[in-house]
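J.: The structure follows.
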Amino acid sequence: MHGTPQVSKPRPKSAKAFWLKQLHMWHWMSSAVSLVGLLLFALTGITLNHAADVEASPVTTERTATLPTDMLRQVNADNGGDGKRPLPAPVAHWLEQAVGQRAGGEAEWSGDDIYLALPRPGGDGWIAIDRQSGAVTSEATSRGWISYLNDLHKGRNAGEVWRWFIDIFAGACFIFTLTGLVLLQLHARKRPSTWPLVATGLALPALLAILFIH
């Protein structure tokens, strides 16, 4: 007579296996999110370090125009006095069409003229309006793609959205490196060179800073 066959129950996964799976998941996800950003920041780290050796050839474009009569009335109807404030929306839109520059942001208003600074990554620009004659003068300068990427690296004149991107990107890099460190610790027993290499990565920049940076 045969007994009732015993059905073996699957063993519950250990806590170590669970956390190892989680670490691997967060490690590859954070690496995927930060991959392109890391490539960009690594490349611009080199170009910034050799900024004196990378020649920039600024290209400046000057344009002139004259505000239509109705636009000039809008500008002179503003009684806000001297100070900083945006241009009226119709005037800003007309300027964008006339001189090819975005006319957003706060301009400096005075009794005689209006000056709008337009700094941007990899270049600079400005628009000046004579409040008496309506004469518009515009200048835009571009220093090339390398300068553009370098300014993105520094977050220079890149706006609030790019600032948020840098914060999120930095958070992804932090998760990537932290999970990588924990994974190193978990696998270090099978890889004896792990901690000597980590120690070298810590000691080398510290030693260079102590010896050569004063």
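J.: Which helices of the chain meet both criteria: a Cα extent of 18 Å or more along the helical axis and a mean Kyte-Doolittle score no lower than 0.5, with helices taken as whole DSSP H segments?
T.: Helices meeting the span and hydropathy rule in the chain are 15-49, 159-187, 194-212.
J.: What residues have an amide H closer than 5 Å to that of Thr66, excluding those fewer than 5 places away on the same chain, when H is modeled at 1.01 Å from N in the peptide plane?
T.: For Thr66, whose amide H was placed from the backbone, the distant partners under 5 Å are Val136.
J.: With the Cα gyration tensor of the stretch 127-175 giving a ≥ b ≥ c as the square roots of its eigenvalues, does the rule (a/c under 1.5 for rounded; else a/b larger than b/c for prolate; else oblate) give rounded, prolate or oblate?
T.: oblate
J.: Calculate the all-directions average of the projected area of the stretch 59-142's alpha-carbon convex hull, and give it in nm². Walk me through the intermediate numbers first.
T.: Values: hull surface 19.4 nm².
Projected area, direction-averaged: 4.9 nm².
J.: Tell me the relative contact order for the chain as a rounded percent, counting alpha carbon contacts under 8 Å between residues six or more apart. Don't jump to the answer; show the numbers that get you there.
T.: Values: 237 pairs, mean separation 47.8, N = 214.
Rounded, it is 22 percent for the chain.
J.: Hey, another quick one. Percent of Cα-Cα pairs per 5 Å bin, from 0 to the last occupied bin, for the stretch 26-80, please list those.
T.: 4, 13, 9, 9, 8, 8, 7, 6, 10, 16, 7, 3, 0
J.: What does the stretch 80-214 give for Rg and for Dmax, in Å, if only its C-alpha atoms count?
T.: 24.8, 79
J.: Between beta-carbons, use under 13 Å as the cut-off and find the net charge around Ala65, counting Lys and Arg +1, Asp and Glu -1.
T.: Details: positive: Arg63; negative: Glu62, Glu96, Asp130, Glu139.
Here the charged neighbours net out to -3.
J.: While we're looking at this one, here's another question. Mind jotting down the distance between the C-alpha centroids of the stretch 55-125 and the stretch 137-178, whole Å?
T.: 24
J.: Summing -39500 (n - 2.57) over the DSSP H runs of n ≥ 4 in the chain and dividing by its residue number, what mean residue ellipticity at 222 nm do you reach, to the nearest 500 deg cm²/dmol?
T.: -18000 deg cm²/dmol
J.: Quick one: net charge around Asp112, please, counting Lys, Arg +1 and Asp, Glu -1 for every other residue with C-beta under 11 Å from its C-beta.
T.: -2
J.: Within the chain, how many lysine pairs that are 8 or more places apart, or on different chains, have C-alpha atoms less than 29 Å apart?
T.: 6
J.: While we're here: How much of the calculated P(r) for the stretch 108-148 lies past 17 Å, in percent of all Cα pairs? Intermediate results must be reported in sequence, preceding the final value.
T.: Values: 327 of 820 pairs.
Counting every Cα pair in the stretch 108-148, those more than 17 Å apart make up 40 percent.
J.: Can you pull the percent of Cα pairs in the stretch 7-160 with separation above 24 Å?
T.: 55
We did not get these values from a lab; they are worked out from the coordinates using the rules stated. Given the structure is predicted, the values throughout are model-derived calculations rather than measurements. For neighbour counting, all protein chains shown are included, and Cβ atoms are generated from backbone atoms with ideal geometry for every residue, glycine included.
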